[in-house]
1. Where Lys and Arg each count +1 and Asp and Glu each count -1, what net charge lies around residue 88 among other residues with Cβ under 12 Å from its Cβ?
2. Stretch residue 289-residue 14 to full length: gain in nm at 0.36 nm per residue minus the Cα-Cα span?
3. On full extension of the chain, what length is gained from residue 222 through residue 236, given 0.36 nm per residue of separation minus the C-alpha to C-alpha distance?
4. Counting other C-beta atoms within 10 Å, and keeping those with at most 11, which DSSP coil chymotrypsin sites (Phe, Trp or Tyr not before Pro) do you find in the stretch 200-253?
5. Run the quick spin-label model on residue 98 and residue 171: label points 7 Å from Cα toward the beta carbon, then report their separation in nm to one decimal.
6. Between the alpha-carbon centers of the stretch 31-71 and the stretch 194-251, tell me the distance in whole angstrom.
7. Loop only by DSSP, 16 or fewer other Cβ within 10 Å of the Cβ. Give me the GluC sites (Glu not before Pro) in the stretch 44-113 that pass, ordered by residue number.
8. Going toward the positive end of the dipole of the stretch 3-256, with +1 on Lys and Arg Cβ and -1 on Asp and Glu Cβ, which of 253, 76, 215 do you reach last?
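Derivation of every value follows stated rules applied to the coordinates shown; laboratory data play no part. The structure presented is a predicted model; accordingly, all values stated were derived computationally and were not measured. Note that each Cβ is placed from the backbone with ideal geometry, even for glycine, and that neighbours are counted across all protein chains shown.
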Amino acid sequence: MLQALRVGSQPNDRQAFVYAYDASGNRVNRNWPGPPGPNTQGKDYVYDREGRLVVAQAYQTNHLGHRVDRDVTRLFYDGLGRRLVKEYDPKAGVGGVKRTEYAFDNLDPVTEYFIWNGQWAEFYRGGLEAFSPVPMLLAMRHFPEGEEGQTYWYHMDGRGSIGGLTKHQGQSTHNYRYDAYGQLLPAQGNWTDPHNHYTFGGKEWDEHLGLYEFGFRLYDPWTGVWLTREPLPGEAWEPRTWHRYQYAYASPISYYDPYGEVPILIPVVSGIVGGLAAGAGSLVAQIVTGQGSFAERWQNVDWGDVAIAAGVGAVAGALAPLVAPLGVGGAIALGAGANAVQYVLTQWSNNQPVRWEDLALNAVVGGITGRWAGPAPSLDELAAPFARWSPWLDQRVVESIMTEKFLEQISIRNFARAWLFEVINNWPLSWSEIVRNWHKIWRYECE
């Protein structure tokens with residue numbers, strides 16, 4: 001990001017911003033034309049040898065080139081890279097420094113101490129009950145000086161961002177809305193104490209820096225990029241990882257980045273994809289293995305079984321981001337568990353006994369397909385290589401290609417599962433019967 005243009009709602013309401021970087025790819029300056037008076041204003045950024053921001057100095061210059069330093073923010077870290085102290089001086093060198101100290105649980109702040117006024121706040125987190133791979137904010141207890149603490153409850157949207165704040169009896173105190181990349185839109189509600197600054201993604205908004213503190217990196221929601229480069233190397237086979245600054249693969253509706261390091265598919269999105277894929281797989285498997293004409297097979301479809309498959313698939317899809325860090329073992333375990341649960345529920349739904357050998361068979365097949373197929377891709381994952389064909393490629397063409405490719409991926413995976421069930425359930429088969437089953441299922445699944 002070298003230049004950016006902010007366009008306002010009024011004619012000629014435009015603001016140009018220019019950015020500069022050091023040899024390591026860290027943003028070291030941001031400047032823009034000032035309002036009437038100063039010719040230019042901006043902010044300098046200074047980093048330590050580990051690439052962590054330690055000083056952010058605001059300044060103004062006049063038409064003669066004379067520079068006047070304004071407010072300055074200083075950050076101090078521990079050996080794990082966690083920001084332990086923040087000092088904000090509204091007028092550099094004049095005094096009146098506001099110092100905040102933090103205590104952490106892993107990478108998540110659990111206590112803030114406001115040294116300049118004697119107040120502090122405690123934060124309580126959870127997450128597994130919400131299918132979150134990282135702890136999510138649940139409550140804040142604010143302690144004004146000389147008073148007992150007041151508890152406030154966080155309410156989150158589907159992306160884990162804070163949508164509202166209420167007191168213990170349900171009185172609403174703050175409400176928040178965001179654009180896709182995390183800019184706080186004009187909010188409805190009360191902006192008085194407590195000053196809650198945990199908003200987008202449950203992360204801390206630093207009003208002095210104009211950035212979100214994610215843990216590993218700082219994020220600029222206006223430009224949609226990180227302040228520094230991605231610390232992990234890009235993958236040659238994943239073009240979307242080549243951009244070293246973009247947030248959540250430039251798809252913040254489907255992905256979020258818990259700590260500024262690795263984007264994760266939002267569980268709601270993966271759950272929808274998993275439910276659709278599993279339901280479609282059950283439907284196709286019943287049609288392929290049914291008897292009679294296509295119309296007769298369609299009439300005999302057990303929609304209860306399809307609903308069970310879709311429900312189990314949705315839960316498995318929502319859990320996929322949780323088990324992703326476990327690699328191959330997690331994919332196998334998730335596939336085996338989902339298939340076994342689907343079998344048990346289907347048998348109960350049809351008043352049929354659960355046979356242990358069939359349960360084991362379903363678990364094995366689920367583990368194999370989980371390892372081979374992995375979680376179903378999202379449209380955004382499949383969009384990247386096609387969108388790069390040409391910068392002038394019509395968006396409707398891209399969307400058409402994306403949808404076709406997405407359905408092809410689901411069809412191939414459903415085909416593999418249906419064919420594997422057909423072969424194992426009727427084993428032993430001759431090679432001619434295996435090929436015939438392959439062709440029959442492929443015709444219904446993928447053509």
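1. +1
2. Length gained, residue 289 through residue 14: 92.7 nm.
3. Numbers: separation 14, 0.36 × 14 = 5.04 nm, distance 2.86 nm.
My answer for the length gained is 2.2 nm.
4. Working: sites: 200, 205, 212, 214, 216, 219, 222, 226, 237, 242, 245, 247, 249; in loops: 214, 216, 222, 237, 242, 245, 247.
When the chymotrypsin sites (Phe, Trp or Tyr not before Pro) of the stretch 200-253 are filtered for loop state and at most 11 Cβ neighbours within 10 Å, 237 remain.
5. Modelled inter-label distance: 2.4 nm.
6. Cα centroid of the stretch 31-71 versus Cα centroid of the stretch 194-251: 22 Å apart.
7. Numbers: sites: 50, 87, 101, 112; in loops: 50.
For GluC sites (Glu not before Pro) across the stretch 44-113 that sit outside H, G, I, E and B with at most 16 neighbouring Cβ atoms in 10 Å, the list reads 50.
8. Value computed over the given set: 253.
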